[in-house]
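J.: The structure under discussion is supplied below as structure tokens; questions concerning it will follow.
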Amino acid sequence: MRPKTPLPPEFADTTFRYSDALENGITRGQVRASTTTGPHRGIRTTREITSPRDADLAYARASPRDVALASVSACRVWGIPLPLAIESRRHTFVAVRSPRHVPTGVAVTGIRLAPHLFSDREFEGVRLLSPCVAWAQLAAQVSPRETLVQADALLTRADNYPGRRHGGSLATLDELRAVADAWAKRAGVAQLRAAVELARPQVESPGESRLRHALVSARFPEPVLQHRVFDGRRFVARIELAYPSLKIALEYDGAYHFTVAKAVEDIERRRELESLGWRVIQITRRDIQDPTRLFARLRAAMRPR
């Protein structure tokens, strides 16, 4: 195999269109023999492509500034949670302001948006639709539960939120409501409006959002988020979801909890809460996928003691 050779300095450590290289006197043979890879047809990059997000960023870096990453691709770059089947699919979505020509290509979907809906920002050196507009675009592709998960993720300021790529919240509740209202007569608008009513900025993980959605959908009272428990003036614990008047704590155990150190900490914490009269119900992803037994445990815990 012939060794890879670097391109001229102006095309080193960058992402570029194949056509731009040819216009600058670089031959097809030089490009093919270079250290670049092709994440999309007609695009070359010296960066390593290991995920659909990398391919999205490569496409955006080689695009005109009036083309923005959209929908799934914008969510991937912003760090907005997506269902695995959507997250893992290598396909790039871009948007333009109407009436501009829509980009097309293999593994590329172009979307034309009305000017009043096209709102873009710069993040990580590329143009992409605002988090709220990307969220609205996805409503027709995901379940009502996942639309709520994403709304919570946009509102939260929690630095420990999984997959977080930015500081502070990505949107306000008023911004979510405004985009949902602007989405009138479009697919997913009812789902967006329902999510706005349930969205809460205190959420710290997708699992908490999914659990809360399951409870509210089953007509349980909405739990209090991040409830702080004290023994006198001494702080004891912060409970992810709680029914304080009933002293019921709902703890979602994600992957983070399955380490020896965290397991020991959780046991000690649970013992202290129980000593203060709390009932602690531990919940896993399986409980959310099939909540029948969880609901039965919760109803039993809610009965008068």
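J.: Whether any residue in region 41-51 is within 28 Å of Glu204 (Cα to Cα), in a helix (DSSP H, G or I) and either open to solvent by less than 30 Å² (accessible area, probe 1.4 Å) or without any contact (Cβ under 8 Å) to a residue 12 or more places away in the chain (or both) is what I want to check.
T.: Scanning region 41-51, I find no residue that is within 28 Å of Glu204 (Cα to Cα), in a helix (DSSP H, G or I) and either open to solvent by less than 30 Å² (accessible area, probe 1.4 Å) or without any contact (Cβ under 8 Å) to a residue 12 or more places away in the chain (or both), so the answer is no.
J.: Considering only region 119-132, I want to know if a residue exists there that is open to solvent by less than 30 Å² (accessible area, probe 1.4 Å), out of contact with any Cys (no Cβ under 6 Å at 6 or more places or on another chain) and among the aromatic types (Phe, Trp, Tyr).
T.: no
J.: Here's something else I'd like to know. For region 223-247, give me each residue that is without any contact (Cβ under 8 Å) to a residue 12 or more places away in the chain, closer than 28 Å to Thr292 by Cβ and open to solvent by less than 80 Å² (accessible area, probe 1.4 Å).
T.: None; the set is empty.
J.: Which of the residues that make up region 271-288 are farther than 14 Å from Ala218 by Cβ, within 30 Å of the chain's Cα centre (by Cα) and not hydroxyl-bearing (Ser, Thr, Tyr)?
T.: Val280, Ile281, Gln282, Arg285, Arg286
J.: Something else: Test of understanding: among Leu176, Leu211, which residue is under 15 Å from Val280 (Cβ atoms) and part of a helix (DSSP H, G or I)?
T.: Leu211
J.: Something else about it: Can you tell me which of Ala60, Ala95, Ala74 is closer than 23 Å to Ala136 by Cβ, at pLDDT 90 or above, among the hydrophobic types (A, V, I, L, M, F, W, C) and not in a helix (DSSP H, G or I)?
T.: Ala95
J.: Still on this structure, I have one more. Check region 286-300 and report whether any residue there is open to solvent by 70 Å² or more (accessible area, probe 1.4 Å), in contact (Cβ under 8 Å) with a residue 24 or more places away in the chain and closer than 25 Å to His213 by Cβ.
T.: no
The values are calculated or read from the model by the stated rules, or taken from the named source; none is laboratory data. Keep in mind it's a predicted model, so treat the numbers as computed, not measured. Cβ atoms come from the backbone with ideal geometry, glycine included; neighbour counts cover every protein chain shown. SASA here: full protein model, heavy atoms, side chains in, ligands and nucleic acids out. Shrake-Rupley method; radii C 1.70, N 1.55, O 1.52, S 1.80 Å.
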